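Read through the structure below, which is laid out as structure tokens, and then see the notes.
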Amino acid sequence: MAKMCPINAQEPGRPDWLPRSAYPFQIRFADAGGTMIHYIDEGSGPALLLVGAGQWSMIFRDVIMRLRGEFRCLAFDFPDCGLSPDAPDHDHSVVADARILEGFIDALDLQDITMVVHDLGGPIGFLAATRRPDRFRAVVISNTFGWPLAGYPAVRRALRVVASRPVGAVNNLTNVIARLTASRYGVGRVMSKADRSAFLGPWRRRASRRATQLTLAGALRIEPVMAEVEQSLRTALADLPVLTLFGRKNDPYGWQARFGQMFPRATAAVIPDGNHFPFDDDPDAYAAAIRNWWARSVATHDNAYTKRSQSK
């Protein structure tokens, strides 16, 4: 039986360790293709769907708070992560997580989606988008990849270390992966001590610790899938407006430039002081970049498309 967290009686679904000051969003749950997940749905306007590596939706807190006045901001927690219940049958592979993403899109009947992808959220989001291109309007790409990792042996070595049994045993005991993520070298750079404590809340569950490691380890087994995704991106999403928005301090392999070659009409922008989590390092700059690009490229693209359609 899954271990349950103490629930705040004043707000059903909110654990006692998660104050509204740290997570100022309504707690919501949806059935994503037969799997119950927790999600954020804040604001109104065009759908802005933020997809990360399966840690939990709090990583997008600060940018959602800045954009919910102009967009309907959505993010969710994959099974066993964040506030989503444990799902013992979920293997945390990119393919399985992409199915959850598709189920979420169907459950809320999302249309005209501007999708923001980060880290392993890139492969997950790209796989879903190439299967459902009619649902997507534009894409924002941050510190991720859209191709096989065979050409990046250093990345694969790092993933093998994280996926190893010794690291798994240590992580189960000490929660080291989440603690590093919550530090100032990860999402916690501008968080308060109380916020970092709240961020670590989901990893009180051993299932969440295992899920994090399994998600990272799964990146070692996606070469065939990513070869297909890379080809599909050039066709299925070729006409969509694309923004590549990377932290300047975290692109050692030139992945932003590679996306520029894949999408020649993409807009490239950087967060000057940004690292691997640019939306947490400087949420004001990150939100402004999306806001300005969307008004300049997505709305203009839509108007041009409408005029072309009407002229036919």
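The values are calculated or read from the model by the stated rules, or taken from the named source; none is laboratory data. Just so we're clear, the structure is a prediction, and the values are computed from it rather than from any experiment. Positions of Cβ are backbone-derived with ideal geometry, glycine not excepted, and every protein chain shown enters the neighbour counts.
Considering the conditions (1) in contact (Cβ under 8 Å) with a residue 40 or more places away in the chain; (2) in contact with a Phe, Trp or Tyr (Cβ under 8 Å, 6 or more places away or on another chain); (3) among the hydrophobic types (A, V, I, L, M, F, W, C), Phe78 is excluded by exactly one of them, (2). Across segment 141-182, the number of residues qualifying as within 21 Å of Arg206 (Cα to Cα) and either in a helix (DSSP H, G or I) or of a type in the set (Val, Ile, Thr) (or both) comes to 22. Within segment 105-123, restricting attention to residues that are touching a Gly at 6+ places or on another chain (Cβ under 8 Å), among the hydrophobic types (A, V, I, L, M, F, W, C) and not in a strand (DSSP E or B), which residue is farthest from Leu216 (Cα to Cα)? Across segment 105-123, the extreme among qualifying residues is Ala107.
In the set (1) at pLDDT 95 or above; (2) out of contact with any strand residue (DSSP E or B) (no Cβ under 6 Å at 6 or more places or on another chain); (3) buried (at least 21 other Cβ atoms within 10 Å of the Cβ); (4) on the phi < 0 side of the Ramachandran plot, Gln55 fails one condition alone, (1). Restricting segment 195-205 to residues that are assigned to a helix (DSSP H, G or I) and in contact with a helix residue (DSSP H, G or I) (Cβ under 6 Å, 6 or more places away or on another chain), the residue that is farthest from Arg14 (Cα to Cα) is Arg196.
Taken over segment 229-255, the criterion of being part of a helix (DSSP H, G or I) and without any contact (Cβ under 8 Å) to a residue 60 or more places away in the chain is satisfied by Gln231, Arg234, Thr235.
Within segment 259-276, the only residue that satisfies the criterion of being within 16 Å of Arg296 (Cβ to Cβ) and out of contact with any strand residue (DSSP E or B) (no Cβ under 6 Å at 6 or more places or on another chain) is Arg265. Among the residues of segment 36-63, just one is part of a helix (DSSP H, G or I) and polar (S, T, N, Q), namely Ser57.
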